[in-house]
Amino acid sequence: MKADALRGHLDALLLATLDGKALHGYAIIEALQERSGGALDLPTGTVYPALRRLERAGYVQSTWSTVGGRQRRTYRLTPTGQQTLQAERKAWQEFTSAIEGVLKAPAQA
């Protein structure tokens, strides 16, 4: 999938990936790839800056932990992030419904 297609949707994708669980950065990348059937293979240079931006905005919080002897930053949604995710989901449903209405083939008479 082209990176341009994700423009404006990356934050919502990251928030949705963190819904109900705490993950470290690479696990987020893997989850995005798995949940998209391989269509989303985002580079770390895209994901980590977005996670830092979401943290500065108060949508996610991070903590350091040691996993397998390595320090990893684990991210989780904040209550504000959960509210933002719900709003993003609603906006996405409205958007896709409107676009589907336009793109759907007209009924044959």
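The values are calculated or read from the model by the stated rules, or taken from the named source; none is laboratory data. Given the structure is predicted, the values throughout are model-derived calculations rather than measurements. Using ideal geometry, Cβ is built from the backbone for each residue, glycine included, and neighbour counts are taken over all protein chains shown.
Just name the residue that is farthest from Leu23 (Cα to Cα) out of those in the stretch 55-109 that are among the aromatic types (Phe, Trp, Tyr) and touching a His at 6+ places or on another chain (Cβ under 9 Å).
Of all residues in the stretch 55-109, those among the aromatic types (Phe, Trp, Tyr) come to 59, 64, 75, 92, 95.
Subsequent filtering for residues that are touching a His at 6+ places or on another chain (Cβ under 9 Å) retains 75, 92.
Numbers: Tyr75: 5, Trp92: 24 Å.
The residue in question is Trp92.
Per-residue answers, yes or no, for (1) closer than 14 Å to Ile28 by Cα; (2) at pLDDT 95 or above:
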| position | (1), (2) |
| --- | --- |
| Ala57 | no, yes |
| Tyr75 | yes, yes |
| Gln83 | no, yes |
| Ala107 | no, no |
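Could you tell me which residue of the stretch 4-48 is modelled with the lowest pLDDT, considering only residues that are outside any loop (DSSP other than H, G, I, E, B) and either loosely packed, with under 11 Cβ neighbours inside 10 Å or hydroxyl-bearing (Ser, Thr, Tyr) (or both)? Before you say what the answer is, go through the steps one by one.
We begin by selecting, within the stretch 4-48, every residue outside any loop (DSSP other than H, G, I, E, B); these are 4-6, 10-17, 23-35, 44-48.
Next, from what is left, pick out any that are either loosely packed, with under 11 Cβ neighbours inside 10 Å or hydroxyl-bearing (Ser, Thr, Tyr) (or both): 4-5, 17, 26, 44-46, 48.
Values: Asp4: 63, Ala5: 67, Thr17: 97, Tyr26: 91, Thr44: 88, Gly45: 89, Thr46: 89, Tyr48: 93.
So, considering only residues that are outside any loop (DSSP other than H, G, I, E, B) and either loosely packed, with under 11 Cβ neighbours inside 10 Å or hydroxyl-bearing (Ser, Thr, Tyr) (or both), the one modelled with the lowest pLDDT is Asp4.
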